[in-house]
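In what follows, a structure is listed as structure tokens, so that the remarks can point back to it.
The values are calculated or read from the model by the stated rules, or taken from the named source; none is laboratory data. All of these numbers come straight from a predicted model, not from anything done at the bench. All Cβ positions, glycine included, derive from the backbone under ideal geometry; neighbour counts span all protein chains shown.
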Amino acid sequence: MSTDSDLIRAEPHKEIALFLQRDVELLIERWSRRAMQEQPHASRSHHAALLDHIADLLHALARSLAESDPADTSQHCLPATVHGETRWEIGWSLPEVVRDYQILRLVILDYLDEVIEISPASRAVMAIGLALDESIAASVTMYVSSREAHLRQLEEERAERERQIQEFLRQRAESLREVDRRKNEFMSTLGHEMRNPLAPLSHSVRLLELNNTQDPVLAEVRNIISRQVQQLERLADDLLDVSRVAQGKIELRKAPTDLTVVARQAVETSKPHLDARKHHFEIAFPDEPVWVEGDALRLVQVVVNLLNNSAKYTEPGGQVRLAVERDERSAIVRVVDNGIGIPQDLLPHVFELFTQGDRSGDHSQGGMGIGLALVRRLVELHGGTITVESAGLGKGSEFVVRLPLIPAQPIDDIPAVQDGHSLSAAEYAVAGQYRILVVDDNVDVARCLNMLLSRDGHNVRVAYDGPSALDAANAFRPEVVLLDIGLPRMSGYDVAQRLRRQSGMEEAFLVALTGYGQDDDRQRANEAGFDAHFVKPMDLNSLREVMTRLKSTKRDIRR
């Protein structure tokens, strides 16, 4: 007789089916008891619901055995799928599901052996086994499908959460970039706007100096104003520089530079500040040059900021020391003071933008927390490092700058550091006097420049906007035009281009005055036809130097 599984499944087994239909409750009771004995740790929290599914399964199994139907339409497969799905939902493991069917098989076979003494090798027993195998397959398939659907849902939910997180982070990063951009714009604008009132203040101080008053009170007041204006100018410079650094707009003009010369220049700049605080200032410079590849002006700025920082945060009459050293690989600048020191928790943040120490009581020294941040960035742009050490409050600080050392250089090949020194009376006499047109919508700036330049013997006219400047130039035919860029009605760039096309103004010397001193500002001024570019407040000595050089070149602006 054939034992082909399809033939066995196709045969009806009505007697067995009758017993199964009749004693479903008995079979379930035996199955439940035995299942609990063999799998005591399996989750049985919803056992009653599972018993209902087993009852459906047994009834469907009995009908399948009683009828002749193909395996793919077996009635018992449907409740088996429900059984598998339910077991997944309440947390059963897959081995527990399979073992339940195996227990059910044993319970059914033991029962049939009791009621009809059926042989284990009979075709009816084979049919029961095949049907239960189909039930297991259907139940396992639905269990796995439910699990995979659940995992897919979890993955989709995780992916959605990840997408939401990434979107939040993207928006947050964009917001931070926008805040940073606005901060940089604000600092740049603040630095620019500070220059507008600084220009007339600076020129007014110069006028007071020229009056040479004998009143000691007025002289002291003039000196106080002068020092504070210089402090504001440095603050405006730092604001603009830190904004340029943040935007990557600082370009270093590197050349072999003697760090000792840089340090001496910084001392000249910072000495008035140190003296005003009555500090005991010491320097220790080597006899031989200490060479680095750097932008001399920017390195002077680094040392000046460090000296000014020590002067500010050291009590009057304290000690400040500047040393230039070298080792095998590095050029070193040390600035040491016995000032108020730095708390240990603040040390890691000293070079961060806007970082400030304790502002309470005597420790309130002002400042905006940008100087040291600018110093670190300038040092890093030179390929160097800066560190700070302090034993704590009241125990002073030590700042150490290390820059890459380069081989010794021939002295004759090294450009000198430009120090912006004042012209002597003899040097200035060469410049002569010129017809000068001052164009600035800030009335105080224009009037101060008028007074200062007139005292030097120049013939000066003033205009406060672009159209007035063009009219004045046409009538006055100036040899030099000091032209503010930020004019109302038409910009200084537009005025310069119009002046260049105006008859008789082709060779006039055009000087741009602006609160912005970035390279692209200078480039734009050059393209507009300007001959020179000055950042407010304009240094009159620098203007005099320019006019002195004009006399010694082939291009003489005087006609």
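Looking only at residues in segment 292-330 that are among the charged types (D, E, K, R) and in a strand (DSSP E or B), which one is nearest to the chain's Cα centre (by Cα)? Ranking the candidates gives 293 first.
Kindly establish whether residue 380 is in the same structural domain as residue 265 (by TED's automatic domain parsing), farther than 21 Å from residue 270 by Cβ, at pLDDT 90 or above and not in a loop (DSSP other than H, G, I, E, B). It is true that residue 380 is in the same structural domain as residue 265 (by TED's automatic domain parsing), farther than 21 Å from residue 270 by Cβ, at pLDDT 90 or above and not in a loop (DSSP other than H, G, I, E, B). Residues that are at pLDDT 75 or above, among the hydroxyl-bearing types (Ser, Thr, Tyr) and surrounded by 14 or more Cβ atoms within 10 Å (Cβ to Cβ) occur at least once in segment 266-273.
It is to be established whether one or more residues within segment 131-147 are within 20 Å of residue 37 (Cβ to Cβ), surrounded by fewer than 20 Cβ atoms within 10 Å (Cβ to Cβ), hydroxyl-bearing (Ser, Thr, Tyr) and at pLDDT 80 or above. So far as segment 131-147 goes, no, none of its residues is within 20 Å of residue 37 (Cβ to Cβ), surrounded by fewer than 20 Cβ atoms within 10 Å (Cβ to Cβ), hydroxyl-bearing (Ser, Thr, Tyr) and at pLDDT 80 or above.
The criterion of at least 1 residues that are surrounded by fewer than 16 Cβ atoms within 10 Å (Cβ to Cβ) is met by the following strands (runs of 3 or more DSSP E) wholly inside segment 438-528: 459-463. Answer yes if at least one residue in segment 348-359 is of a type in the set (S, T, N, Q) and at pLDDT 90 or above, and no otherwise. Taking every residue of segment 348-359 in turn, none turns out to be of a type in the set (S, T, N, Q) and at pLDDT 90 or above.
Here is the figure for segment 301-323: residues that are surrounded by fewer than 23 Cβ atoms within 10 Å (Cβ to Cβ) and among the hydroxyl-bearing types (Ser, Thr, Tyr) total 1. Quick check, is residue 179 at pLDDT below 85, farther than 19 Å from residue 32 by Cβ and surrounded by fewer than 16 Cβ atoms within 10 Å (Cβ to Cβ)? Yes.
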